[in-house]
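Worksheet for the structure shown next.
The values are calculated or read from the model by the stated rules, or taken from the named source; none is laboratory data. Just so we're clear, the structure is a prediction, and the values are computed from it rather than from any experiment. As a convention, Cβ positions derive from the backbone with ideal geometry for all residues, glycine included, and neighbour counts pool all protein chains shown.
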């Protein structure tokens, strides 16, 4: 007697594989979004009731007062009545500082990185490829290694506790930005540039009138990535800004707000409310333009 094993149909294999993929994807989404939901849940909870119901997945003592006191619309007595520490967060000053730093870095990186990338992609000069390869080695250098040299330079320039000290190290360009734009410029048809030169345009005119307009997708992507990275930066603004409130950005202010707890227990509800509000611009930008980021990274050849 011959034993025959039941065959698995292709449909069953496909369905099983697809089900497993969806289960894994759902698990990853849950793990990714759970911390964000925990922030929302804590920000909408009453500080007094939060510790009594620490394991609840839903807001405890639902309130929006934490957001109002973080934004500075409540007095110290009203903040303490909600269970807060009563510490004041000068939110709009720190928001202004974050906007100044972030917009300056984005403008500088877009301008100088685009010029550098176009030079590496189109201009011919001695040792171009070797210089570019050496330039890209900066990608493997951890940012933490550069903190002390940059700090010493800012101190020698007397730029400690100033906006220019926070902005300067990342203002001109970054290896990633130059590489990212160069990959896109290499794919542009040279005939477009040659046509512009035949019409009498200078090298910069070709770059300004032809290359930049058709390169807006990767430039926009770079602007978004630079914006999010600079907006969320903490260590360098803390190191340079120090205790100077006039140049303190939101990320540093939230860290100081957490440490200013007279009761000895961190004001978690106020801290989470402040973190959500400060993360709002980054989340909004990515939600509106996230698809553009993914598509541009795909077509610029960055892997």
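Matching residues to (1) in a loop (DSSP other than H, G, I, E, B); (2) surrounded by 17 or more Cβ atoms within 10 Å (Cβ to Cβ); (3) more than 30 Å from the chain's Cα centre (by Cα); (4) at pLDDT below 75:
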| site | (1), (2), (3), (4) |
| --- | --- |
| 3 | yes, no, yes, yes |
| 14 | no, no, yes, yes |
| 21 | no, no, no, no |
| 28 | no, no, no, no |
| 38 | no, no, no, no |
| 45 | yes, yes, no, no |
| 55 | yes, no, yes, no |
| 67 | no, yes, no, no |
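Filter segment 167-193 down to residues that are within 23 Å of residue 135 (Cα to Cα) and assigned to a helix (DSSP H, G or I), then give me how many there are. Break it down stepwise before answering.
The first filter runs over segment 167-193 and keeps only residues within 23 Å of residue 135 (Cα to Cα), leaving 167-188.
After this cut, where a residue has to be assigned to a helix (DSSP H, G or I) as well, the list is 167-170, 175-186.
Qualifying residue count, segment 167-193: 16.
Looking for whichever is under 30 Å from residue 47 (Cα atoms), buried (at least 19 other Cβ atoms within 10 Å of the Cβ) and under 24 Å from the mean Cα position of the chain (by Cα) here; the options are 226, 251, 221. Which one fits? Give the derivation first.
On the way: 226 fails: under 30 Å from residue 47 (Cα atoms); 221 fails: under 30 Å from residue 47 (Cα atoms).
Exactly one of 226, 251, 221 is under 30 Å from residue 47 (Cα atoms), buried (at least 19 other Cβ atoms within 10 Å of the Cβ) and under 24 Å from the mean Cα position of the chain (by Cα), namely 251.
Hand me the list of helices (runs of 4 or more DSSP H) wholly inside segment 215-291 holding 3 or more residues that are modelled with pLDDT under 85. Give the derivation first.
Values: elements: 216-231, 235-241, 250-259.
Qualifying helices (runs of 4 or more DSSP H): 250-259.
Quick one: is residue 80 at pLDDT below 75, surrounded by 12 or more Cβ atoms within 10 Å (Cβ to Cβ) and not in a helix (DSSP H, G or I)?
Details: at pLDDT below 75: yes; surrounded by 12 or more Cβ atoms within 10 Å (Cβ to Cβ): yes; not in a helix (DSSP H, G or I): no.
Answer is no for this residue.
Would you check if there is a residue in segment 135-153 being farther than 30 Å from residue 48 by Cα and surrounded by 19 or more Cβ atoms within 10 Å (Cβ to Cβ)? Before the answer, list the steps.
Within segment 135-153, the first condition is being farther than 30 Å from residue 48 by Cα, and the residues that meet it are 135-153.
From what's left, surrounded by 19 or more Cβ atoms within 10 Å (Cβ to Cβ): none.
So far as segment 135-153 goes, no, none of its residues is farther than 30 Å from residue 48 by Cα and surrounded by 19 or more Cβ atoms within 10 Å (Cβ to Cβ).
Can we say residue 108 is more than 18 Å from the chain's Cα centre (by Cα) and assigned to a helix (DSSP H, G or I)?
In short, no.
Can you give me the number of residues within segment 122-134 that are surrounded by 10 or more Cβ atoms within 10 Å (Cβ to Cβ) and either within 27 Å of the chain's Cα centre (by Cα) or not in a helix (DSSP H, G or I) (or both)?
Residues of segment 122-134 surrounded by 10 or more Cβ atoms within 10 Å (Cβ to Cβ): 122, 128, 131-134.
Next, only the ones that are either within 27 Å of the chain's Cα centre (by Cα) or not in a helix (DSSP H, G or I) (or both) stay: 132-134.
Here the count works out to 3.
Taking the residues in segment 154-163 that are surrounded by 10 or more Cβ atoms within 10 Å (Cβ to Cβ) and part of a helix (DSSP H, G or I) as candidates, determine which candidate is nearest to the chain's Cα centre (by Cα).
163
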